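A quick write-up on the structure given underneath.
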Amino acid sequence: MARIGLCEDDPSIRRIVLGALRHADHVGIAAHDGREAVRLFAEDDALDVLILDIGLPDADGRDVCMALRSAGQTAPVLFLTALGAVHDRLAGFSAGADDYLPKPFDLKELIARVEALTKRGRIVVAESPGDLVLDPARHSLVCKDKEVLLTPTEFRMLAAVTSRPGEVVRRRAVVAAAWPDGAMVSENTIDTYVRRLRVKLADVESPVRLQTVRGVGLTLR
């Protein structure tokens with residue numbers, strides 16, 4: 001028996017998937033939008049797998065995934081989406097997904113993929129520094145009682161780093177998370193966004209700083 005978190009805004013799909021999970025002797029916990037998913041799943045250490053719809057009413061499911069990873073959620077993630085193009089799948093993997101199932105899907109395949117992910121287990125990460133919270137619905141950064149709005153690119157860049165605490169995240173990984181596949185992003189552009197993020201981290205009085213490791217990438221210290 002596995003504990004599965006499901007974020008799906010379509011009530012009929014949500015009901016069918018929860019029923020299929022129960023039939024396979026798993027426990028499903030459902031959220032109907034991105035903000036509820038972050039509230040329910042961010043600190044749930046008992047989750048074995050997360051199933052996230054990408055087309056949510058309040059947020060992009062990929063941003064929800066990055067926010068959950070930044071909050072310390074390490075359960076494997078399976079994306080459900082009607083977006084099946086290669087660049088969409090690549091964007092999903094760059095956001096932290098472990099598997100990808102396009103809609104419409106077969107329930108038997110869904111259960112098989114979920115059970116394969118439960119065998120893979122959680123990723124191991126260091127403890128997340130500071131009290132930073134990313135809100136995928138508002139594209140904002142929150143630290144205690146202070147909040148600052150981020151652009152989608154700023155949000156994804158910061159999430160790429162905060163989701164891997166204690167690591168130096170290579171620039172190509174940050175670019176893959178924040179820009180569409182194949183985008184030509186100059187070093188100057190990255191540096192400009194890094195400066196903006198440093199200002200916004202200071203605005204919320206973050207206890208950590210975004211640092212550049214020359215020739216490698218970015219980290220929080």
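We did not get these values from a lab; they are worked out from the coordinates using the rules stated. All values derive from a computational prediction rather than experimental measurement. Every residue, glycine among them, receives a Cβ derived from its backbone with ideal geometry; neighbour counts consider all protein chains shown.
Sorted fewest first by neighbouring Cβ atoms within 10 angstrom, GLU187, GLU167, GLU205 come out as GLU187, GLU205, GLU167. The eigenvalues of the Cα gyration tensor, multiplied by 5 and square-rooted, give the chain an equivalent ellipsoid with semi-axes of 30, 18, 16 Å from largest to smallest. Toward the positive end of the charge dipole of the chain, with +1 on the Cβ of Lys and Arg and -1 on the Cβ of Asp and Glu, the farthest Cα among VAL199, HIS87, VAL77 is that of VAL199. May I ask for the net charge around PRO104, where only other residues with Cβ less than 14 Å from the Cβ of PRO104 are counted and Lys, Arg are +1 while Asp, Glu are -1? Its environment carries a net charge of -3.
Considering only alpha-carbon pairs that sit under 8 angstrom and 6 or more positions apart, the relative contact order computed for the chain is 17 percent.
In the chain, the calculated helix contribution to ellipticity at 222 nm averages -12500 deg cm²/dmol per residue, counting -39,500 (n - 2.57) for every DSSP H run with n ≥ 4. Local charge for GLY217 was computed over the other residues whose Cβ lies under 11 Å away, with Lys and Arg +1 and Asp and Glu -1, and equals +4. Less than 5 angstrom separates the built amide H of GLY55 from those of GLY61, ALA82, all sequence-distant by 5 or more or on a different chain. The 3J(HN,Hα) values that the Karplus relation (6.51, -1.76, 1.60; θ = phi - 60°) gives for region 61-76 are, in residue order, x, 5, 5, 4, 4, 5, 5, 5, 4, 5, 7, x, 6, 10, 5, x Hz. Gly and Pro appear as x. Once C-alpha pairs closer than 8 Å and six or more residues apart are averaged by separation and normalised to the residue number of region 132-220, the relative contact order reads 30 percent.
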